[in-house]
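J.: Below are the structure tokens for one structure; questions will follow.
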Amino acid sequence: MNFQANPLMQYAATLPPAELRRQFVVAGLFQPGAINLHWWETDRTVLGAAVPLAAPLALPNEPGLKAAFFLERREAGIINLGGPGRITVDGKAYAMNPHDALYIGRGVKDVVFASASADQPARFWLQSYPAHAAHPTHHVVFAESLGAKLGARETSNERTLFKLIHPGTVPTCQLVMGFTRLETGSVWNSIPPHTHLRRSEVYLYFNLPPAHAIFHFMGEPAATRHVVVHDSEAVLSPPWSIHCGAGTTAYSFVWGMGGENQEFADMDPAPVATLR
């Protein structure tokens, strides 16, 4: 089989910084009292955020989905990055503490987000992909999750990776989701970098102080580019692109993937010594 070069891959290598950011960085999704969704045509991804205050927020059915309801032919994963909250799925309520995750399968009609307190609202991050089958809703309690220690202090990339929604514990069609937390004094994530041609990925950076930034590296391994991102901004990572970053302080980021393969280790390494 002959794999042709993606035109956007070649186009991205020529983009000025502002256009590179317009194509691959999504900002402003976390707005108090609102749900905001963003469509990315790669793997038909929908990403977004819900920040309920005193009033609950219902997951809308955007006209562009051409569906009877949002999850008619989709699945979704949600992680709470804020205060305690609640998600009600077809009438059943799930208490969502900080960093809890919820998988919602195809066919669910009603999803409602709520905060326990408007003064410390929940901040729900959502990613959704097409689904070929219906799997049951699954609540992942963060307090029961085991993290994997990665990296080292000597290389400034000591971090803990939490797999929250993945085939080992939660049956899904294609969604894999979790987050990584860097230790104090470490700034590099996903080093050494890699690509995975059978799925795309979205990074959502959070817990980054306002005065700091992250330099997120993307592009082909032999023609890397970078974008500067801030707290609560997401970066879209196509299958042909590396995805790693360095911050001016420690931070955390949600990673969510969808595509034709769920195997976490299905990666093509891009050793640091070969990057250009």
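The values are calculated or read from the model by the stated rules, or taken from the named source; none is laboratory data. Keep in mind that what you see is a predicted model, and the values were worked out from it rather than measured. All Cβ positions, glycine included, derive from the backbone under ideal geometry; neighbour counts span all protein chains shown. Surface areas here come from the heavy atoms of the whole protein model, side chains and all, with no ligands, DNA or RNA. Shrake-Rupley method; radii C 1.70, N 1.55, O 1.52, S 1.80 Å.
J.: Kindly establish whether Pro121 is part of a loop (DSSP other than H, G, I, E, B) and exposed (fewer than 13 other Cβ atoms within 10 Å of the Cβ). Show your work before the answer.
T.: Numbers: part of a loop (DSSP other than H, G, I, E, B): yes; exposed (fewer than 13 other Cβ atoms within 10 Å of the Cβ): no.
So Pro121 does not fit the description; no.
J.: Collect the residues in segment 28-44 that are over 13 Å from Ala234 (Cβ atoms), free of Cβ contacts under 8 Å to residues at least 24 places away in the same chain and either open to solvent by less than 50 Å² (accessible area, probe 1.4 Å) or in contact with a His (Cβ under 7 Å, 6 or more places away or on another chain) (or both), keeping them in residue-number order.
T.: Ala34
J.: Let me ask you something else. Give the residues of segment 87-107 that are more than 20 Å from the chain's Cα centre (by Cα) and either open to solvent by 20 Å² or more (accessible area, probe 1.4 Å) or modelled with pLDDT under 95 (or both), sorted by residue number. Spell out the reasoning first.
T.: Narrowing segment 87-107 to residues more than 20 Å from the chain's Cα centre (by Cα): 88-95, 107.
Within segment 87-107, Thr88, Asp90, Gly91, Lys92, Ala93, Tyr94, Ala95, Gly107 qualify.
J.: Can you pull out the residues in segment 147-162 that are within 19 Å of the chain's Cα centre (by Cα) and in a loop (DSSP other than H, G, I, E, B)?
T.: Within segment 147-162, just Gly147 meets the criteria.
The rows are residues; the columns are (1) at pLDDT below 95; (2) of a type outside the set (A, V, I, L, M); (3) farther than 24 Å from Ile78 by Cα; (4) surrounded by fewer than 21 Cβ atoms within 10 Å (Cβ to Cβ).
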| position | (1), (2), (3), (4) |
| --- | --- |
| His230 | no, yes, no, yes |
| Val235 | no, no, no, no |
| Ser241 | no, yes, yes, no |
| Gly245 | no, yes, no, no |
| Thr248 | no, yes, yes, yes |
| Gly256 | no, yes, no, no |
| Asn261 | yes, yes, no, yes |
| Asp268 | yes, yes, yes, yes |
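J.: So which of Pro192, Pro210 is farther than 25 Å from Glu75 by Cβ, modelled with pLDDT under 95 and not in a strand (DSSP E or B)? Spell out how you get there, then give the answer.
T.: Numbers: Pro210 fails: modelled with pLDDT under 95.
Result of the check over Pro192, Pro210: Pro192.
J.: Also: Being aliphatic (A, V, I, L, M), open to solvent by 50 Å² or more (accessible area, probe 1.4 Å) and either in contact with a Phe, Trp or Tyr (Cβ under 9 Å, 6 or more places away or on another chain) or farther than 23 Å from Pro98 by Cβ (or both) is true for just one of Leu146, Leu164. Which residue is that?
T.: Values: Leu164 fails: open to solvent by 50 Å² or more (accessible area, probe 1.4 Å).
Selected residue: Leu146, the only one of Leu146, Leu164 that is aliphatic (A, V, I, L, M), open to solvent by 50 Å² or more (accessible area, probe 1.4 Å) and either in contact with a Phe, Trp or Tyr (Cβ under 9 Å, 6 or more places away or on another chain) or farther than 23 Å from Pro98 by Cβ (or both).
J.: Which members of segment 180-207 meet the condition of being open to solvent by 10 Å² or more (accessible area, probe 1.4 Å), touching a helix residue (DSSP H, G or I) at 6+ places or on another chain (Cβ under 8 Å) and of a type outside the set (Val, Ile, Thr)?
T.: Glu183, Gly185, Trp188, Pro192
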